Amino acid sequence: MDRHIIVRMLSAYLLLTVVLVIFFVLIHYLEHIDDFLDRNASLRNIYLIYYPSFVPGIIQQVSPLALFLSAIFTTSRLSQSFQVIALQTSGVDLKRLLLPYVLLGICISGLMFVVGGWIAPITNQTVQSYDELYIKSRTPQIYISEIHRRNDPTSVLTVGYFDRRSNTAHRVQLQKFSPQGELIERVDAQQMVWSDSLWNFSYAVIRSFESGQETRTIASPLDTVLNVYPNDLARTERDIESMTINIATDYVDALQRSGLADIGRDMVGYYTKFAYPLTNFIVMLIALPLAVRRRRGGHTVQIGFGLLIAFIYLSAQKLTEPFGYTQEITPLLAVLLPHAIFLCGGVIACLLARK
């Protein structure tokens, strides 16, 4: 019976996933076909590179909905055909019946963790590069001018303007301070270029201050190692989407070291990589007690309830994220709160359904 339930749910899950992927790709294509044509995009590349790269990210996003609806549909059919009643009559309680749902939820959650953590970020790099070229609503940059970053506890980097495409900083100042907070050295340069994991100054003026006297030195060229990287100087709202978990971990560490205040969006995106796959497991706890009872209206009513709960769950995630962006609550709490609430709701629903 476990195998029977898993096979039926998995078949429905795969079918719904394919349908939802096609639906979202079609909607996106119809929305942006004018942009592709206006900018003379190669339709061959759009069809064979851009949209195939779109698929892993969509699969990760729609997986909880597809899994939830497949569980609702399968359980409803079992209930409507009296198979659940037969199992309960033969001594199988809800706790035992929950086992295939939990196993499938854990497996899909693990799979989506891999997809969202490593596969989708790589394909999203292709998607974002095409978006920047052909989509009018390009990804906005959060910081591109008048940038101040803390290099370490005793030095601050100031950049007048940063060109993301060429990784070139203009009107650069690097100020170094003593432990007492006195300025002891300042490096001024018109340009600073990122090359071979180093910052290269083609021409720099080094001003040293000691005992009230100033000493000037010219360095041409000057290579230096800083704790500030190109991504720290010009970030976009979608940067975190194109990073694997390993790279994203280093990225958020670098942001925190730089002393930035506006990193709520990046932190929410980072924690979401870990938390969102759990949605696949949590919806399975909700699906069984929701659909196990026979109701008037059959499958239609069950699926309607399922869509309503799925909408509330996904909406709750989107409603709490802005509080994490502005850091009115911690980004970690903003990400975990909806999952914790619905996890508790699923456990309570299972306990009540057993009675």
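If you take the alpha carbon radius of gyration of the chain and divide it by 2.2 N^0.38 Å, what ratio comes out, to two decimals?
Relative to the 2.2 N^0.38 Å estimate, the chain comes out at 1.30.
Taking only the alpha-carbon positions of the range 145-234 and ignoring solvent, what does the Debye formula give for the base-10 log of I(q)/I(0) at q = 0.19, 0.20, 0.23, 0.25 Å⁻¹?
At q = 0.19, 0.20, 0.23, 0.25 Å⁻¹ the computed log10 ratios are -0.85, -0.94, -1.19, -1.34.
Could you give the dipole magnitude of the range 145-234 about its Cα centre, charging the beta-carbon of Lys and Arg +1 and that of Asp and Glu -1, in debye to the nearest 20?
200 debye
What is the Rg over Rh value, at two decimals, for the range 65-139, using alpha-carbon atoms and the Kirkwood definition of Rh?
Dividing the radius of gyration by the Kirkwood radius yields 1.29.
Which ³J(HN,Hα) values, rounded to whole Hz and listed in residue order, are derived for the range 108-117 from phi using the Karplus coefficients 6.51, -1.76 and 1.60 in 6.51 cos²θ - 1.76 cosθ + 1.60 with θ = phi - 60°, glycine and proline given as x?
3J(HN,Hα) across the range 108-117, in whole Hz: 5, 4, x, 5, 5, 5, 5, 4, x, x.
What translational diffusion coefficient, to the nearest whole µm²/s, does the range 96-139 have by Stokes-Einstein, given a Kirkwood radius computed over alpha-carbon pairs, a temperature of 20 °C and 1.002 mPa s viscosity?
Values: Rh = 12.8 Å.
Estimated via Stokes-Einstein, D reaches 168 µm²/s.
Give me, ordered by chain and number, the residues 5 or more places off Thr168 or on other chains with an amide H under 5 Å from its own placed amide H.
Excluding prolines and chain starts, which carry no amide H, the hits are Asp163.
What's the Kirkwood radius of the range 1-144 in Å, using all Cα pairs?
17.8 Å
Name the residue farthest towards the positive end of the dipole of the chain from the options Ser145, Gln88, Thr168, assuming +1 on Cβ of Lys and Arg, -1 on Cβ of Asp and Glu, about the Cα centre.
Gln88
Along the charge dipole of the chain, pointing to its positive end and built from +1/-1 on Cβ of Lys, Arg, Asp and Glu, which listed residue (Leu288, Ile245, Met267) has its Cα farthest out?
Farthest towards the positive end: Leu288.
Would you work out which of Ala71, Thr217, Val19 lies farthest towards the positive end of the dipole of the chain, given +1 charges on the beta-carbon of Lys and Arg and -1 on that of Asp and Glu, about the Cα centre?
Towards the positive end, the residue furthest out is Ala71.
Please report, in debye to the nearest 20, how large the charge dipole of the chain is about its Cα centre when each Lys and Arg carries +1 at its beta carbon and each Asp and Glu carries -1 there.
Computed about the Cα centre, the dipole is about 1980 debye.
Read-outs throughout are calculated quantities, based only on the coordinates presented, and are distinct from any laboratory measurement. This is a predicted model, so every value here is computed, not measured. Please note: Cβ atoms are built from the backbone with ideal geometry, for glycine as well, and neighbour counts cover all protein chains shown.
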